[in-house]
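Engineer: First the structure, which I've put down as structure tokens, then a few questions once you've had a look.
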Amino acid sequence: MNPDSARLQELLALTARGDHAAFAEVYDRTHAHLFGIALRMLGGEHVAEDVLQEAFVSIWKAAALYRSRIEGQEIQPMTWLIAIVRNKALDALRVRTRRKETELPDPDDSADDGNTHAAIAPGALELLQQATQALQIQDCMNALDGSHRQSLALAYYQGLSHSEVAAQMGAPLGSVKAWIRRGLDKLKTCLAAQGAVP
Amino acid sequence: MRYADPRLVDQLAAGYVLGTLAPHARARFERLRRDRGDVDLAVANWEARLGRLAQSVAPVKPSPRVWRAIEARTRALAMLHAESNGGGRWLNLVGTALAGLVAGIAASVALFMLAPALIVSTDQVAMHSGERLPQSYVGLLTDAKGDGKLLVSSLRRGKVMTMKVIGPIAPPASGHLVLWAVPADGPAFALGAAPLAGSTTSLLPDTSEKLLATVRKLVVTVETVEAPAAPGQVVFSGNCAKLW
């Protein structure tokens, strides 16, 4: 485990015991990266800030639930934090989708509605390519068809559902489900070959 | 028995972490995860795999107001938790996470007594909408040593303000305590008399949203006149945070 991860583990353990200074350091060390993830998924600063706030309140309450190992498998603290932020962002996206389907728009959301996902650079596929390059699995992942990688990237970086990916790519829903499934399988295979995650 | 198939569990875990499971399936899978270690491990492995893809997302600094809001909420929770662990009393009933809810209930009771027509409001819907605290303005005021003294809360679209004393407050040698709102871009204005013990509710002249939207700070001062035009000696202060 690298020193940053070891320190984050210590800080989460202290946070779990009610140490607010440790919690503040967790925020200092991670908030910019976590906010970037939320912003990338949600597209608007205000809603991303709300998600970050909810995520950190959850982290404060649930720091004791962080486990450095599950069934012998090491769990990086940053992985745990990213999962919390992504789950909060996914909740916010699904609420937004339901609201758009059933209600008139909330005037409070208007400021964020101008920032659509498509307006954010770089694009989801480019982010996936950068990540796979950094992980040294680019060649392995490039064996996938471009549409498979694109659908996986849209689902991961923008939090789109199957039907939203299908609409954005103009592809049949069944095809998109299969593409994402194959993309995930390939990612698992490529990372396992690197010895990164089983 | 369907979930006995490790391949299916792995597929569901991948969809859960990616976020592509439908809402009902997501809820079912979360229940399954709570009960089964193998499912929990499958989720952890997918969180590790997909979490690695996040490294290409550029970090972005959020507004400082995010931390101010987080700090206000978590410090208030910590103090309530400490009080409930140490002394018991009524806070034992609400645990660590329900300060805003209690304020909301107090606000609703007061609102019902003062203006029944306003009782059916979006505030109440928010208040009862589950684990999330209602949209509120909250201030945690401390003394110069950082000891918590006063918790102030008001529902976002409500007109009732609740003040609860959370640490011992010595009465001033002369005069009385007044709570002030300090906007970022204007003069401070008085919100009312601050209590020395217990909690109080008072009716604001307008909704919190209109009065407090630009307020960044709350202070308590010692005043010797009945209606002071400007804040006197500050004894407690804290940030005013939005809970939404």
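Engineer: Which one of the conditions (1) under 26 Å from A:LEU127 (Cβ atoms); (2) within 7 Å of another protein chain (Cβ to nearest Cβ) does B:ARG26 fail to meet, given that it meets all the rest?
Structural biologist: Looking at each condition in turn, B:ARG26 falls short on (2).
Engineer: For residues that are aliphatic (A, V, I, L, M), more than 15 Å from A:MET41 (Cα to Cα) and in contact with a Lys or Arg (Cβ under 9 Å, 6 or more places away or on another chain), tally how many sit in segment A:144-191.
Structural biologist: 5
Engineer: Going by the structure shown, is A:PRO105 within 12 Å of chain B (Cβ to nearest Cβ) and either at pLDDT below 95 or in a loop (DSSP other than H, G, I, E, B) (or both)?
Structural biologist: Judged against the criteria, A:PRO105 is not a match.
Engineer: Please determine whether any residue of segment B:41-53 is part of a helix (DSSP H, G or I), modelled with pLDDT of 95 or more, within 19 Å of A:LEU184 (Cα to Cα) and away from chain A (no Cβ under 11 Å).
Structural biologist: No, segment B:41-53 contains no residue that is part of a helix (DSSP H, G or I), modelled with pLDDT of 95 or more, within 19 Å of A:LEU184 (Cα to Cα) and away from chain A (no Cβ under 11 Å).
Engineer: Name the residue that is nearest to B:ASN45 (Cα to Cα), counting only residues in segment A:43-54 that are at the interface with chain B (Cβ under 9 Å from one of its Cβ atoms) and hydrophobic (A, V, I, L, M, F, W, C).
Structural biologist: A:LEU52
Engineer: Another question, if that's okay. Suppose we keep only residues that are more than 10 Å from every other protein chain (Cβ to nearest Cβ) and polar (S, T, N, Q) within segment A:124-150. Which one would you say is surrounded by the fewest Cβ atoms within 10 Å (Cβ to Cβ)?
Structural biologist: Looking at residues that are more than 10 Å from every other protein chain (Cβ to nearest Cβ) and polar (S, T, N, Q), I get A:GLN136.
Engineer: For segment B:59-80, give me each residue that is touching a residue at least 60 places away in the same chain (Cβ under 8 Å) and basic (Lys, Arg).
Structural biologist: Hits for segment B:59-80 are B:ARG65, B:ARG68, B:ARG73, B:ARG75.
Engineer: Out of (1) facing chain A (nearest Cβ under 8 Å); (2) of a type in the set (A, V, I, L, M, F, W, C); (3) not in a helix (DSSP H, G or I), the odd one out for B:LEU21 is which?
Structural biologist: B:LEU21 satisfies all of (1) facing chain A (nearest Cβ under 8 Å); (2) of a type in the set (A, V, I, L, M, F, W, C); (3) not in a helix (DSSP H, G or I) except (1).
Engineer: Sticking with this one: Working carefully through the options A:ILE37, A:ILE84, find the one that is within 9 Å of chain B (Cβ to nearest Cβ), within 17 Å of the chain's Cα centre (by Cα) and either in a strand (DSSP E or B) or β-branched (Val, Ile, Thr) (or both).
Structural biologist: A:ILE37
Engineer: Name the pairs whose Cβ atoms lie under 9 Å apart, with the first residue in segment A:57-77 and under 30 Å from B:LEU243 (Cβ atoms) and more than 10 Å from every other protein chain (Cβ to nearest Cβ), the second modelled with pLDDT of 90 or more and part of a loop (DSSP other than H, G, I, E, B), and 6 or more positions between them or separate chains?
Structural biologist: A:ALA63/A:ARG17; A:ALA64/A:ARG17; A:PRO77/A:TYR66
Engineer: Any residue in segment B:211-231 that is charged (D, E, K, R) and within 17 Å of the chain's Cα centre (by Cα)?
Structural biologist: yes
Engineer: Next up: What do you reckon, is B:PRO6 surrounded by fewer than 22 Cβ atoms within 10 Å (Cβ to Cβ), of a type outside the set (Gly, Ala, Ser), more than 10 Å from every other protein chain (Cβ to nearest Cβ) and in contact (Cβ under 8 Å) with a residue 24 or more places away in the chain?
Structural biologist: For B:PRO6, the condition - surrounded by fewer than 22 Cβ atoms within 10 Å (Cβ to Cβ), of a type outside the set (Gly, Ala, Ser), more than 10 Å from every other protein chain (Cβ to nearest Cβ) and in contact (Cβ under 8 Å) with a residue 24 or more places away in the chain - is met.
Engineer: A further question follows. For segment B:61-76, how many residues are part of a helix (DSSP H, G or I) and at the interface with another protein chain (Cβ under 7 Å from one of its Cβ atoms)?
Structural biologist: Here the count works out to 7.
Engineer: Of the conditions (1) touching a strand residue (DSSP E or B) at 6+ places or on another chain (Cβ under 9 Å); (2) surrounded by fewer than 16 Cβ atoms within 10 Å (Cβ to Cβ), B:PRO187 fails just one. Which one is it?
Structural biologist: That leaves (1) as the condition not met.
Engineer: Quick one: is A:LYS186 in a helix (DSSP H, G or I), touching a His at 6+ places or on another chain (Cβ under 7 Å) and touching a residue at least 12 places away in the same chain (Cβ under 8 Å)?
Structural biologist: no
Engineer: Ok, one more. Restricting attention to segment A:40-81, which residues are of a type in the set (Lys, Arg), assigned to a helix (DSSP H, G or I) and out of contact with any Phe, Trp or Tyr (no Cβ under 7 Å at 6 or more places or on another chain)?
Structural biologist: A:LYS61
Engineer: Search segment A:151-188 for residues being more than 22 Å from A:LEU90 (Cβ to Cβ) and out of contact with any helix residue (DSSP H, G or I) (no Cβ under 7 Å at 6 or more places or on another chain), and hand back the single one that is farthest from the other protein chains (Cβ to nearest Cβ).
Structural biologist: This residue is A:GLY170.
Engineer: If you take the residues in segment B:9-18 that are over 34 Å from the mean Cα position of the chain (by Cα) and at the interface with chain A (Cβ under 10 Å from one of its Cβ atoms), which one is farthest from A:LEU184 (Cα to Cα)?
Structural biologist: B:ASP10
The values are calculated or read from the model by the stated rules, or taken from the named source; none is laboratory data. In this text the structure is predicted, and so the values were computed from the model without any measurement. Neighbour counts are summed over all protein chains in view; Cβ atoms, including those assigned to glycine, are modelled from backbone coordinates with ideal geometry.
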